[in-house]
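> My questions will all concern the structure given below.
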Amino acid sequence: AGYCLGGCSSRQHRTADGRVSVSVEKRFSVASGPVRHRAFPGLTRLGDGTLLVLYREGNNHWKTDDSVVKVTHSSDEGTTWSEPETILQEPGWGAGAHHGPLQLPDGRVLAPAQCVRHVEKGQRGNLEFRVFNLRSDDRGRTWTRREIGPQTGWVWQNQYGRLVEIDG
């Protein structure tokens, strides 16, 4: 038995009586295999049309400190996907990237990520946090990371929402 992380493309339209109707056009599986907790996918379409997905994979939902961030690509609108590769793994920590990456105009791809571990006394009860900026200079094929947290005095650190590029 196995589990998969999947999605679908859909179309939304308004019916004659004013209701919104959503129809699924295509279903796809991004990752599958033995029973694992695969969750928190973030998808973006790169400038060349490639679909890029980052997601978290672990034994469970944040109960043990063993999860990793994986990446996979599709160049055929989600029909097939590359073999997922681990891009963030810290021994003794659980890693996750809850939201999709952003491609900058110069082609670089950025994605926020975090690591969490259970300790006796941490920044927030029994948890400690680390925050990272993941970066790819080759359209998501290889990745580097820079640790940007935790920030002093914070009791909860996680990223929610999409990255947005601003001037300045």
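The values are calculated or read from the model by the stated rules, or taken from the named source; none is laboratory data. Everything quoted here is computed from the prediction, not taken from an experiment. Here Cβ is always computed from backbone atoms with ideal geometry, including for glycine, and neighbour counts include all displayed protein chains. To get the accessible areas, we keep the full protein, side chains included, count just its heavy atoms, and leave off ligands, DNA and RNA. Shrake-Rupley method; radii C 1.70, N 1.55, O 1.52, S 1.80 Å.
> Amide H of ARG36: which non-local residues (sequence gap of 5 or more, or other chain) have their own amide H closer than 5 Å, using H built in the peptide plane?
TYR3
> Leaving out ligands, DNA and RNA, and with a 1.4 Å probe, what % of the accessible surface on the stretch 41-109 is carbon or sulfur? Write out the running numbers ahead of the final one.
Details: 1410 of 2930 Å².
Exposed carbon and sulfur together represent 48 percent of the surface.
> For labels at ARG14 and ASN126 in the simple 7 Å Cα→Cβ model, what's the distance in nm?
About 5.2 nm separates the two model spin labels.
> Relative to the present Cα-Cα distance, how much length would full extension add between ILE148 and GLU85 at 0.36 nm per residue of separation? Don't skip to the answer; put the middle values down first.
Numbers: separation 63, 0.36 × 63 = 22.68 nm, distance 2.28 nm.
Length gained, ILE148 through GLU85: 20.4 nm.
> Continuing with this model, one more query. Could you run the Karplus curve 6.51 cos²θ - 1.76 cosθ + 1.60 with θ = phi - 60° over the stretch 31-37 and give me ³J(HN,Hα) per residue in whole Hz, x for Gly and Pro?
8, 8, x, x, 4, 8, 8
> Using each residue's phi in the stretch 64-76, evaluate 6.51 cos²θ - 1.76 cosθ + 1.60 at θ = phi - 60° and report the 3J(HN,Hα) Karplus result to the nearest Hz, with x for Gly and Pro.
Karplus-based 3J(HN,Hα) across the stretch 64-76 equals 10, 9, 9, 7, 9, 9, 10, 10, 9, 10, 9, 10, 10 Hz.
> Using a 1.4 angstrom probe, figure out how much accessible area the stretch 79-141 has per residue, in square angstrom, rounded to the nearest whole. Intermediate results must be reported in sequence, preceding the final value.
Details: 3070 Å² over 63 residues.
Value returned for the stretch 79-141: 49 Å² of accessible area per residue.
> So what's the stretch 18-69 giving for Cα Rg divided by 2.2 N^0.38 Å, two decimals?
Values: Rg = 15.2 Å, N = 52, 2.2 N^0.38 = 9.9 Å.
Dividing the Cα radius of gyration by 2.2 N^0.38 Å gives 1.54.
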